[in-house]
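A.B. asks: The structure's right below; bear with me while I get my questions together.
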Amino acid sequence: MDYYYSFNKYLQGKFGTKVKKISLNAGFSCPNKDEEAGKKGCIFCNESAFSRFDGTTLSLREQIVRSLDSFKEKKRPEKFIAYFQNTAGTNAPALALKSAYDTIREFPQIVGLAISTRPDCIDEEKLELISQYTGDYDVWIEYGLQTVHDKTLRFLRRGHTFSQTVSAIERTAAKGIKVGVHVILGLEGESRRDMIETAKKISALPVSGVKLHVLHVLKGTVLEGLYREGKVSLLSQDEYVGIACDFLENLREDCIILRLVSDAKEEFLIAPGWINNKLAVIGQIESEFASRGAKQGNLQRVL
């Protein structure tokens with residue numbers, strides 16, 4: 001039984017074969033990290049903890065070639081999605097964005113274009129540019145929504161409001177571009193009810209997919225200091241599983257689950273260590289759904 005609408009199921013249905021994301025770094029900056037403007041970035045962010053090409057001097061073409069070559073011949077997927085993952089993937093003039101995105105046209109095995117960015121890094125010119133790829137590729141823009149609660153966004157130092165994200169989502173979907181949103185579960189100060197409210201508000205928006213993260217602490221972040229001072233608490237695996245299932249039950253059933261749980265490089269992860277045992281977490285989520293007799297989109301659980 002399918003308890004949730006997985007990204008793998010979506011890709012298999014669309015392309016009829018296994019599709020793999022390859023992460024790329026176009027070298028763009030993040031507008032939320034601007035010391036001159038007094039912006040020091042989100043309290044949880046350390047790109048080195050998840051990016052394959054963080055700080056690279058390789059061209060985008062070289063990154064793609066190395067990524068494709070990293071798969072063993074017998075296990076190499078037939079098709080790929082180019083994922084512009086680092087910083088804000090739309091934080092550049094439109095001409096620079098076109099030059100970066102056009103790199104994928106050299107590789108016929110690339111069938112998708114995914115761009116991770118912020119809601120304050122998009123405008124009509126950029127959306128019009130990105131929409132032009134939808135005729136040839138499965139195109140996604142992933143926004144770091146994180147939560148619908150502005151109080152929490154301020155705590156995270158996100159530098160944008162929920163209403164800004166709503167505007168970006170609606171304008172993006174209107175261009176025929178699929179919208180993905182990143183959500184962090186277990187944020188300090190948020191109750192289970194708060195997190196379910198995030199699921200419900202997402203369900204009312206033209207969002208095609210959700211990528212779930214669990215709040216985790218990385219070296220070299222402001223969050224690390226707060227955690228060591230005892231000012232931030234983290235979810236246990238059991239707590240996360242329960243909340244993730246509640247979240248999914250309150251999420252539209254046609255919303256694709258781009259990821260069920262986050263992970264990080266071991267050398268940067270401080271806590272919780274269980275996030276890197278992803279298969280166990282996913283298995284426990286499926287077991288929890290089975291025990292509840294539930295699945296994504298039920299919208300029937302009582303708080």
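The values are calculated or read from the model by the stated rules, or taken from the named source; none is laboratory data. If you're wondering where the values come from, they're calculated on a predicted model, not measured in any experiment. Heads up, the Cβs are rebuilt from the backbone with ideal geometry, glycines too, and the neighbour counts pull from every protein chain shown.
A.B. asks: Note down all Cβ pairs under 6 Å where the first residue falls in segment 176-202 and is modelled with pLDDT of 95 or more, the second is charged (D, E, K, R) and part of a loop (DSSP other than H, G, I, E, B), and they're at least six residues apart or on different chains.
C.D. replies: From segment 176-202, no pairs qualify.
A.B. asks: Keeping to segment 138-175, report how many residues are of a type in the set (S, T, Y), over 16 Å from E190 (Cα atoms) and crowded, with 19+ Cβ neighbours inside 10 Å. Break it down stepwise before answering.
C.D. replies: The initial filter retains those residues of segment 138-175 that are of a type in the set (S, T, Y), namely 143, 147, 152, 161, 163, 165, 167, 172.
Right, trim to over 16 Å from E190 (Cα atoms) and you get 143, 161, 163, 165, 167, 172.
From what's left, crowded, with 19+ Cβ neighbours inside 10 Å: 143, 165, 172.
Counting residues in segment 138-175 that are of a type in the set (S, T, Y), over 16 Å from E190 (Cα atoms) and crowded, with 19+ Cβ neighbours inside 10 Å gives 3.
A.B. asks: Still on this structure: Which residues, taken from segment 105-128, are closer than 19 Å to S29 by Cβ, free of Cβ contacts under 8 Å to residues at least 60 places away in the same chain and either touching a Leu at 6+ places or on another chain (Cβ under 6 Å) or not in a strand (DSSP E or B) (or both)?
C.D. replies: P119, I122, D123, E125, K126
A.B. asks: Taking segment 176-200, which residues are surrounded by fewer than 17 Cβ atoms within 10 Å (Cβ to Cβ) and among the basic types (K, R)?
C.D. replies: Across segment 176-200, the qualifying residues are R192, R193, K200.
A.B. asks: Looking at the structure I just gave you, is Y133 out of contact with any Asp or Glu (no Cβ under 8 Å at 6 or more places or on another chain), surrounded by 23 or more Cβ atoms within 10 Å (Cβ to Cβ) and modelled with pLDDT of 95 or more? Spell out how you get there, then give the answer.
C.D. replies: Working: out of contact with any Asp or Glu (no Cβ under 8 Å at 6 or more places or on another chain): yes; surrounded by 23 or more Cβ atoms within 10 Å (Cβ to Cβ): no; modelled with pLDDT of 95 or more: yes.
No: the conditions fail for Y133.
A.B. asks: For segment 202-239, how many residues meet the condition of being within 16 Å of I257 (Cα to Cα) and not in a loop (DSSP other than H, G, I, E, B)?
C.D. replies: 8
A.B. asks: Just give me the residues in segment 137-165 being in contact (Cβ under 8 Å) with a residue 60 or more places away in the chain and in contact with a Gly (Cβ under 6 Å, 6 or more places away or on another chain), in sequence order.
C.D. replies: Hits for segment 137-165 are D138, W140, E142.
A.B. asks: Still on this structure, please answer the following. Go through the residues of segment 162-174 one by one and say whether even a single one is of a type outside the set (D, E) and part of a loop (DSSP other than H, G, I, E, B).
C.D. replies: We begin by selecting, within segment 162-174, every residue of a type outside the set (D, E); these are 162-169, 171-174.
Narrowing further to those that are part of a loop (DSSP other than H, G, I, E, B): none.
So far as segment 162-174 goes, no, none of its residues is of a type outside the set (D, E) and part of a loop (DSSP other than H, G, I, E, B).
A.B. asks: I need the full set of residues from segment 80-95 which are outside any loop (DSSP other than H, G, I, E, B) and either touching a residue at least 24 places away in the same chain (Cβ under 8 Å) or crowded, with 23+ Cβ neighbours inside 10 Å (or both), in order please.
C.D. replies: Start the filter on segment 80-95 by keeping residues that are outside any loop (DSSP other than H, G, I, E, B), which leaves 80-84, 94-95.
Within segment 80-95, F80, I81, A82, Y83, F84, A94 meet the criteria.
A.B. asks: Among the residues of segment 70-79, write down those that are of a type in the set (D, E, K, R) and either surrounded by fewer than 16 Cβ atoms within 10 Å (Cβ to Cβ) or on the phi > 0 side of the Ramachandran plot (or both).
C.D. replies: Taking segment 70-79 as the starting set, the residues that turn out to be of a type in the set (D, E, K, R) are 72-76, 78-79.
If the condition is that a residue be of a type in the set (D, E, K, R) and either surrounded by fewer than 16 Cβ atoms within 10 Å (Cβ to Cβ) or on the phi > 0 side of the Ramachandran plot (or both), then K72, E73, K74, K75, R76, E78 are the ones that fit.
A.B. asks: Residue by residue through segment 221-234, note down the ones that are out of contact with any helix residue (DSSP H, G or I) (no Cβ under 7 Å at 6 or more places or on another chain) and either under 30 Å from A204 (Cβ atoms) or not acidic (D, E) (or both). Explain how you work it out, then say what you get.
C.D. replies: Of all residues in segment 221-234, those out of contact with any helix residue (DSSP H, G or I) (no Cβ under 7 Å at 6 or more places or on another chain) come to 221-231, 233-234.
Result: T221, V222, L223, G225, L226, Y227, R228, G230, K231, S233, L234.
A.B. asks: While we're on this one: Here's a check for you: in segment 247-256, which residue that is out of contact with any helix residue (DSSP H, G or I) (no Cβ under 6 Å at 6 or more places or on another chain) and surrounded by 22 or more Cβ atoms within 10 Å (Cβ to Cβ) is farthest from I275 (Cα to Cα)?
C.D. replies: If we filter segment 247-256 for residues that are out of contact with any helix residue (DSSP H, G or I) (no Cβ under 6 Å at 6 or more places or on another chain), which is where we start, we get 248-249, 253-255.
With the extra rule that they be surrounded by 22 or more Cβ atoms within 10 Å (Cβ to Cβ), the set shrinks to 248-249, 255.
Values: L248: 18, E249: 21, C255: 23 Å.
Among them, the one singled out is C255.
A.B. asks: Can you say whether Y101 is outside any helix (DSSP H, G or I) and touching a strand residue (DSSP E or B) at 6+ places or on another chain (Cβ under 7 Å), as far as the supplied structure shows? Step through it out loud before you land on a result.
C.D. replies: Values: outside any helix (DSSP H, G or I): no; touching a strand residue (DSSP E or B) at 6+ places or on another chain (Cβ under 7 Å): yes.
No, not satisfied.
A.B. asks: Right, another one. Can you find, within segment 40-69, the residue that is farthest from I104 (Cα to Cα) among those that are at pLDDT below 90, surrounded by fewer than 17 Cβ atoms within 10 Å (Cβ to Cβ) and among the small types (G, A, S)?
C.D. replies: S48
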